[in-house]
1. In this structure, is A:E193 of a type outside the set (A, V, I, L, M), open to solvent by less than 30 Å² (accessible area, probe 1.4 Å) and either assigned to a strand (DSSP E or B) or touching a helix residue (DSSP H, G or I) at 6+ places or on another chain (Cβ under 7 Å) (or both)?
2. Got a number for residues in the range B:102-150 being modelled with pLDDT of 95 or more, in contact with a Gly (Cβ under 8 Å, 6 or more places away or on another chain) and closer than 12 Å to B:N23 by Cβ?
3. Name the single residue that is least open to solvent (accessible area, probe 1.4 Å) among those in the range A:164-179 being in contact with a Leu (Cβ under 9 Å, 6 or more places away or on another chain), assigned to a helix (DSSP H, G or I) and facing chain B (nearest Cβ under 7 Å).
4. Search the range A:47-70 for residues that are over 23 Å from A:R111 (Cβ atoms) and pair each with any residue that is basic (K, R) and assigned to a loop (DSSP other than H, G, I, E, B) when their beta-carbon atoms are under 6 Å apart and the residues are at least 6 apart or on different chains.
5. Quick one: in the range A:96-149, which of the residues that are closer than 15 Å to A:I77 by Cα and part of a strand (DSSP E or B) is farthest from the other protein chains (Cβ to nearest Cβ)?
6. Return the residue satisfying two criteria in turn: it lies in the range B:102-122 and is more than 20 Å from B:R5 (Cβ to Cβ) and open to solvent by less than 20 Å² (accessible area, probe 1.4 Å), and of such residues it is nearest to the other protein chains (Cβ to nearest Cβ).
7. Need at least 1 residues that are open to solvent by less than 60 Å² (accessible area, probe 1.4 Å) and basic (K, R) per element, so show me which strands (runs of 3 or more DSSP E) inside the range B:148-204 make the cut, counting only ones lying wholly within it.
Amino acid sequence: MAGFNKVVTSYADALSGLKDGMTVISGGFGLCGIPEGLIARIKEMGTTSLTFVSNNCGVDDFGLGILLKEKQIRKMISSYVGENAEFERQYLSGELEVELTPQGTLAEKIRAGGAGIPAFYTATGYGTPVAEGKEVKQFNKRNYILEESITGDFSLVRAWKADKTGNLVYRDTAMNFNPMAATAGRITVVEVEEIVETGSLKPTEIHTPGIYVDRIIRSSFEKRIERLTLADNN
Amino acid sequence: MSLSREQIAMRVAQELKDGYYVNLGIGIPTLVANYVPKNIEVMLQSENGLLGMGPYPTREQLDPDMINAGKETVTAISGASIFSSAESFAMIRGGHVDLTVLGAFEVDQNGNIASYMIPGKLVKGMGGAMDLVAGAQNIVVTMTHADKHGKSKLLANCSLPLTGVDCINKIVTDLAVLDIKNGAFHLLERAPGVSVNEIVSRTEGKLVISDNVPEMKFV
C-alpha cells in the first residue's frame, strides 16, 4: 500500500501517461526554478505537439529550448519569449504558435485554474492587442477584460524540499510560477532537491500542501544562471 | 545639454518618498536604485516574486535561485519577503506598489503608453509591463524625448500597439520633466541648459507651458 507516499524513483514513472498533444504547465521564471530533469526526460520520450504554459521558453540549449529544438512544442503560452534563436526561427516561419499573455494575467490564469475559477476580470491589457475578442465589463467606472483560466493535463514543478506526502517548500525566487503550476495540473509532478521524512517540515512552513501533488522525484540540478551580475563588477 | 541615462535616473530618484514600495523596470529605471536619497528608506519590488531586493551579490553571496525580474542575480535586504508570481501581481494589480518606473517607445497626451511591440519586428512579449501600468497608482516613464532621427516620442496619439491606456501621469526624459493631465503634456522642468523652444520642437503632442519653467536641480 502506497498510502500517501508519492515518491517515484524513475523519470519513466514520473512522466507516465504524458502523450502527444497534451497541455503541460511548467513552473520557472527564465532559467530559475525550472524542472530541468523532467524537461530533459520529455526530450528523450519524443512526445510531440505539446502546448506549454510557461512564463518563458528557455534558451537554445537549456530548459524548454531543448524541446523547441526537437520540434516537440506546437504552442507556447508565455509572457516573454525572446531569449533564443530557434524560437525566433520557428515563430517567424509559423511552425510555432505563440499566445503572449501578460505575466500577472498568466500567473492568475493558472492560479484560478487550480482553484476552480473558470475566468476572471482584470484591467490588465484593456485597450491593447491582448483585449482583442475578449468581453469588456465596467466596474466602478473602470474597464476590465474577461480572461479565461488555464488547467493542464500535466504540471511540472520544481521545489526545494518535499516530504513523502507531497508537501512542498520552494527555495528563494525559484518559487515564482511553481506554486500555481502545482495546483493546475490534472497530474502534478514535482522535481525536488531533497526528500525529507514526513513530519519533519513544520505545517506552517509548507508552501504547497501535498493534496495538489501526485508524483515526486528527487534530482540534482544544474541551476544555470542566465544573467550573472556581481557587485564586484560595478 | 540633454541628460545622460544616469542623470535621468537621478532625477527620477527625487520622486521617491520615505516608506515607498517601488517597482523599477529594465534599463534606465534599474539605475534609479543607485540614487535613492540617503535620508529615506524604500523597498524595491521585483515582479517574479521578491519584495526587498538588494544589490548584486558578491561571489560568496551568489545564488542561482536569487534573481530579479530582469533575470539578474541579486540579493535580498533585511526585511525582504519572497512569494509566488501570483502573489506578486496581486500586489501590483491591487495597487499596493507606491511607484512604478518603466521605459517606453511612445507616450501620448492622453496617458497611453506603447512599450512592448514594434510591428514587423519580433515580438518578445510584454512580460509584466501591462500588469504594472494597469495596477500602479503612480507611474513614471523614463525615455529619450525624441528618437535618434529627432522624431518625438511624446505624441498626440501613440502609433504603436499599446501597453496600457490612460495610465501614465509623469515622464522624465533627457530634456524635461512633464505631467500628463487633461489631454495634454504639462512642462514642469527642463534639463539644465535646454531651452523651452527645444522641448517644444521635440514634442509632437499638445504641450502646456507656464511662464516660468525652472531647470531641474541635482543635489
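1. In short, no.
2. Number satisfying all stated conditions: 6.
3. In this case the residue turns out to be A:T173.
4. A:F62/A:R224
5. Restricting to residues being closer than 15 Å to A:I77 by Cα and part of a strand (DSSP E or B), the top hit is A:E148.
6. So, considering only residues that are more than 20 Å from B:R5 (Cβ to Cβ) and open to solvent by less than 20 Å² (accessible area, probe 1.4 Å), the one nearest to the other protein chains (Cβ to nearest Cβ) is B:A114.
7. Here the list reads B:170-173, B:184-190.
Conditions (1) over 27 Å from B:H186 (Cα atoms); (2) at the interface with chain A (Cβ under 8 Å from one of its Cβ atoms); (3) open to solvent by less than 20 Å² (accessible area, probe 1.4 Å); (4) at pLDDT 95 or above, marked per residue:
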| site | (1), (2), (3), (4) |
| --- | --- |
| B:M43 | yes, no, no, yes |
| B:T58 | yes, yes, no, yes |
| B:T73 | yes, yes, yes, yes |
| B:T100 | no, no, yes, yes |
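The values are calculated or read from the model by the stated rules, or taken from the named source; none is laboratory data. None of the values given here were measured: they were computed from a predicted structure. Note that each Cβ is placed from the backbone with ideal geometry, even for glycine, and that neighbours are counted across all protein chains shown. Just so you know, the surface numbers come from the protein's heavy atoms only, side chains and all, with ligands and any DNA or RNA stripped out. Shrake-Rupley method; radii C 1.70, N 1.55, O 1.52, S 1.80 Å.
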